[in-house]
1. Can you tell me which condition Pro80 does not meet? The list is (1) crowded, with 22+ Cβ neighbours inside 10 Å; (2) in contact (Cβ under 8 Å) with a residue 60 or more places away in the chain, and all the others hold.
2. Scan the stretch 64-87 for residues that are of a type in the set (Val, Ile, Thr) and not in a loop (DSSP other than H, G, I, E, B) and jot them down.
3. For residues that are without any contact (Cβ under 8 Å) to a residue 12 or more places away in the chain and either under 24 Å from Gly121 (Cβ atoms) or open to solvent by 70 Å² or more (accessible area, probe 1.4 Å) (or both), tally how many sit in the stretch 43-62.
4. Could you tell me whether the stretch 7-19 includes any residue that is under 30 Å from His133 (Cα atoms) and either at pLDDT 90 or above or open to solvent by 80 Å² or more (accessible area, probe 1.4 Å) (or both)?
5. Can you find, within the stretch 23-42, the residue that is least open to solvent (accessible area, probe 1.4 Å) among those that are assigned to a loop (DSSP other than H, G, I, E, B) and under 16 Å from Ala122 (Cα atoms)?
6. Quickly run through the stretch 43-86 and pick out the residues that are hydroxyl-bearing (Ser, Thr, Tyr) and out of contact with any Asp or Glu (no Cβ under 6 Å at 6 or more places or on another chain).
Amino acid sequence: LWRLDPATGELAVVADGFAKPNGVCFSPDQRTLYVTDTGSETGAGPADPQLPRSVYAFDVLNDRRLANRRLVYVADRGVPDGIKADALGRLYAGCADGVHVFCPDTGRLLGKIHIIGCDGGAPNLCFGIGPTHQSTLFILAET
């Protein structure tokens, strides 16, 4: 995982040790950074259950460094692809059976949003902005 400082142009590695890092998002207060690792989807045949299908959290220190890597969630279907946090801090990850919603502190699955008629899962998602759409979730589905 790289960090680019736009003021100086400095590009630096802030975290490593992933099999296949994919999605990234901040908590609403920007004190925690979440990263998905989709390593179990090798692209060469069936998924490897021994490889990651996980979401990790990092504390953000001094707006520059990451520390305290910890496992937050392991997907039970597919891999957590795109990831977003809502205004209350709940995490939403696109997975093989739709969107998994889970608690950032405990990793407890709060629910799933199933995409009916979609066999490819939900690789990415986003929330709208502004007072009209900030709680509206837009989901990209693969078919």
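The values are calculated or read from the model by the stated rules, or taken from the named source; none is laboratory data. Source: prediction; values computed, not measured. Counting neighbours? That spans all protein chains shown, and the Cβs are built from the backbone with ideal geometry, glycine included. The protein model used for the area step is the full one, side chains on, heavy atoms only, and it has no ligands, DNA or RNA in it. Shrake-Rupley method; radii C 1.70, N 1.55, O 1.52, S 1.80 Å.
1. Pro80 satisfies all of (1) crowded, with 22+ Cβ neighbours inside 10 Å; (2) in contact (Cβ under 8 Å) with a residue 60 or more places away in the chain except (2).
2. Of everything in the stretch 64-87, those that are of a type in the set (Val, Ile, Thr) and not in a loop (DSSP other than H, G, I, E, B) turn out to be Val72, Val74, Ile83.
3. 8
4. No, the stretch 7-19 has no match at all.
5. The qualifying residue least open to solvent (accessible area, probe 1.4 Å) is Thr38.
6. Applying the first criterion (hydroxyl-bearing (Ser, Thr, Tyr)) to the stretch 43-86 yields 54, 56, 73.
Within the stretch 43-86, Tyr56, Tyr73 qualify.
Results for (1) open to solvent by 70 Å² or more (accessible area, probe 1.4 Å); (2) in contact (Cβ under 8 Å) with a residue 12 or more places away in the chain; (3) part of a loop (DSSP other than H, G, I, E, B), shown as yes or no for each residue.
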{"residue": "Tyr92", "(1), (2), (3)": "no, yes, no"}
{"residue": "Val99", "(1), (2), (3)": "no, yes, no"}
{"residue": "Ile116", "(1), (2), (3)": "yes, no, yes"}
{"residue": "Thr132", "(1), (2), (3)": "yes, no, no"}
